[in-house]
Amino acid sequence: MQQHSILPAFLPGLLWLALFGSCTKSSTPPLPPPQGAPVTLVLHPDQPGDALPATFTGFSYETSALTDGNFLSPSNTVLIQLIRNLGRGFLRVGGNSSDNLVWTGGPRSAQTGKDSLTTSDIDHFAAFANAVGWPVIFGFNMGVFDPARVVSEGTYLNNSSLKNTIAYLQNGNEPDLFAGNGHRSATFQLPDYEKQWEQYYTAIKSNNLSFPFAGPDVAYNTKWTAGFSASESHNIGLLTAHYYRTGPASDTTITYKTILADDTRLPTYLDALNTDAKAVQLPYRIAECNSVYSGGRKGVSDVFASALWALDFMWTAAMHHCQGVNFHGGQGGAYTPIAMTNGIPIARPEYYALLAFHAAAMGRLIPGNVSGTRLNVNIFACADTGTEYVTIINKEEQQAIALTIQPGIKAQTAQALALTAPGLTATSGITFAGSQPDASGNFAPQKSPVYAPTNGNIVIAIPAGSAMVVIIK
């Protein structure tokens with residue numbers, strides 16, 4: 001059992017508040033005695049930590065997704081609604097394809113290849129991003145090094161309706177892998193990237209384009225983030241990097257058990273990024289992330305286990321002072337949180353993790369002392385005025401837990417919102433708060449029962465292979 005504290009995000013939306021707070025004290029029977037391994041959590045709201053940015057949640061898309069005028073388009077109203085269900089966040093455009101697609105400076109026609117980025121593609125995406133209402137991190141092609149072409153692209157962005165939506169520009173995707181990906185020679189190193197990065201930056205700024213920049217958007221190399229932040233901190237407003245739990249997707253030894261196992265690498269990686277960012281007084285963000293790199297692995301990235309992984313990943317990142325995460329995806333692929341199936345957006349397992357995070361991330365993180373049997377269970381807590389929120393992620397396959405929560409407030413009621421599925425390998429039947437999005441993409445949690453504390457404590461069962469958000473008032 002691990003002791004955790006949380007950085008929370010706030011939960012906008014009158015619908016959520018109405019449904020979660022609709023029951024009266026007269027309908028609050030005590031919770032029945034739970035079955036499971038005993039675990040105790042003692043909350044300390046008197047020791048509040050950092051507040052989480054409202055835009056913690058995010059999605060990341062390949063630049064190539066912009067070439068499909070029906071996907072990231074204002075006509076895709078279901079996808080827009082699914083994203084808006086999550087409150088506020090960041091959209092990021094980049095990925096490997098961003099270093100392959102070449103800007104044409106003109107509209108798309110029947111003769112335009114999929115290896116080109118056009119004004120039509122920008123226009124569709126601009127309308128989509130404005131409909132979603134989320135700020136955008138937009139990546140330039142640096143695989144094909146061409147400062148003049150970047151100025152043309154930046155000028156079009158500046159004159160488009162995307163202008164006020166762009167929060168940051170980035171130069172290149174995963175430059176620490178440029179040599180291995182064939183974009184540069186084997187001798188290409190950070191100083192070479194910084195020199196070319198500055199050429200892009202200077203070209204944009206010299207043409208009176210005032211967009212802020214982020215970077216270096218590395219795949220994993222924290223030596224690059226340390227060096228780049230030290231050299232370019234005066235030119236950027238956000239330090240960015242990527243994270244994948246494991247990979248590649250072709251590795252047959254990777255199973256759903258792999259992503260449920262304790263990830264000892266993640267805290268060290270996050271701490272290194274935080275150190276680099278803090279040294280130059282910058283925030284940092286995981287601009288691209290997911291379970292298994294190279295598109296995700298079937299039976300791992302597309303099953304309910306990935307939802308438990310994603311929820312745990314978000315809270316762990318928040319706990320290590322990360323300003324947000326962007327889950328990579330698109331029309332298809334095993335790991336995408338929202339997939340397009342026969343032209344219809346479908347919520348995948350990770351999407352339900354985002355819903356659970358959105359419901360629980362409130363106010364400020366608070367510490368909690370955990371005691372009990374050592375299990376594959378992580379617990380996070382946060383607090384807002386008069387309310388405490390506890391997220392329990394039980395990654396045990398067979399063992400339920402009986403959790404006793406000792407609140408830091410004088411609790412009157414407790415409400416439990418479950419993230420569940422028929423099993424850890426389920427690809428359907430997944431729900432959060434007893435609900436799924438409807439055909440229009442709208443999500444409305446069911447009215448969950450509200451219970452009274454027992455001797456001032458909340459005692460509740462968390463089934464094996466599930467997660468729970470407990471709201472204490």
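The values are calculated or read from the model by the stated rules, or taken from the named source; none is laboratory data. None of the values given here were measured: they were computed from a predicted structure. For neighbour counting, all protein chains shown are included, and Cβ atoms are generated from backbone atoms with ideal geometry for every residue, glycine included. Accessible surface areas use protein heavy atoms only, side chains included; no ligands, DNA or RNA. Shrake-Rupley method; radii C 1.70, N 1.55, O 1.52, S 1.80 Å.
Candidate cross-link partners of residue 410 among the lysines, defined by an alpha-carbon separation under 22 Å and a same-chain spacing of 8 or more, comprise 25, 473.
Model label sites at residue 102 and residue 192, defined 7 Å from Cα along the beta-carbon direction, differ in position by 2.1 nm. Label point of residue 205 set 7 angstrom out along Cα-Cβ; within the stretch 90-122, no amide nitrogen lies under 13 Å from it.
Taking the Cβ-Cβ separation of residue 439 and residue 281 as r and a Förster radius of 60 Å, what is the calculated FRET efficiency to the nearest 0.05? Plugging the Cβ-Cβ distance into 1/(1 + (r/R0)^6) gives 0.80. In the context of the full set of protein chains, the stretch 71-141 has a per residue accessible area of 33 Å² (1.4 Å probe). Summary of the geometry: the stretch 233-294 and the stretch 443-473, compared by the centres of their Cα atoms, lie 31 Å apart.
Would you mind checking 223/278; 257/278; 257/447; 223/298; 114/195 for any pair whose Cα atoms are more than 24 angstrom apart?
257/278; 257/447; 223/298; 114/195
Computing the accessible area with a 1.4 Å probe over protein heavy atoms, can you report the carbon and sulfur percentage for the chain? Percent of accessible area from carbon and sulfur atoms in the chain: 51. Using just its DSSP H runs of length 4 or more, each adding -39500 (n - 2.57), the chain gives a mean residue ellipticity at 222 nm of -7500 deg cm²/dmol after division by all residues. When you count the other C-beta atoms within 10 angstrom of each residue and take the mean per peptide, 333-340, 423-430 line up highest first as 333-340, 423-430. Ranked from largest to smallest solvent-accessible area, with a 1.4 Å probe on the protein heavy atoms, 395, 298, 473 come out as 298, 473, 395. Taking the average, over residues, of other Cβ atoms within 10 Å as the packing measure, peptides 261-269, 359-367, 347-355, 130-138 rank 347-355, 359-367, 130-138, 261-269 from highest down.
Give the percent of DSSP beta bridges with both residues in the chain that are antiparallel, rounded to the nearest 5.
Of all bridge pairs located within the chain, approximately 55 percent are antiparallel.
Peptides 149-158, 190-199, 463-472 ranked from most to least packed by the mean count of surrounding Cβ atoms within 10 Å: 463-472, 149-158, 190-199.
The residues of the stretch 301-371 expose on average 21 square angstrom of accessible surface per residue, using a 1.4 Å probe on protein heavy atoms. Listed by chain and number, the aspartates and glutamates whose C-alpha is less than 15 Å from the C-alpha of residue 163, apart from same-chain residues fewer than 8 away, are 121, 123, 153.
For the stretch 184-266, report the accessible area per residue in Å² (1.4 Å probe, heavy atoms, rounded to an integer). The partial results should precede the final answer.
Numbers: 3660 Å² over 83 residues.
Dividing the accessible area of the stretch 184-266 by its residue count gives 44 Å².
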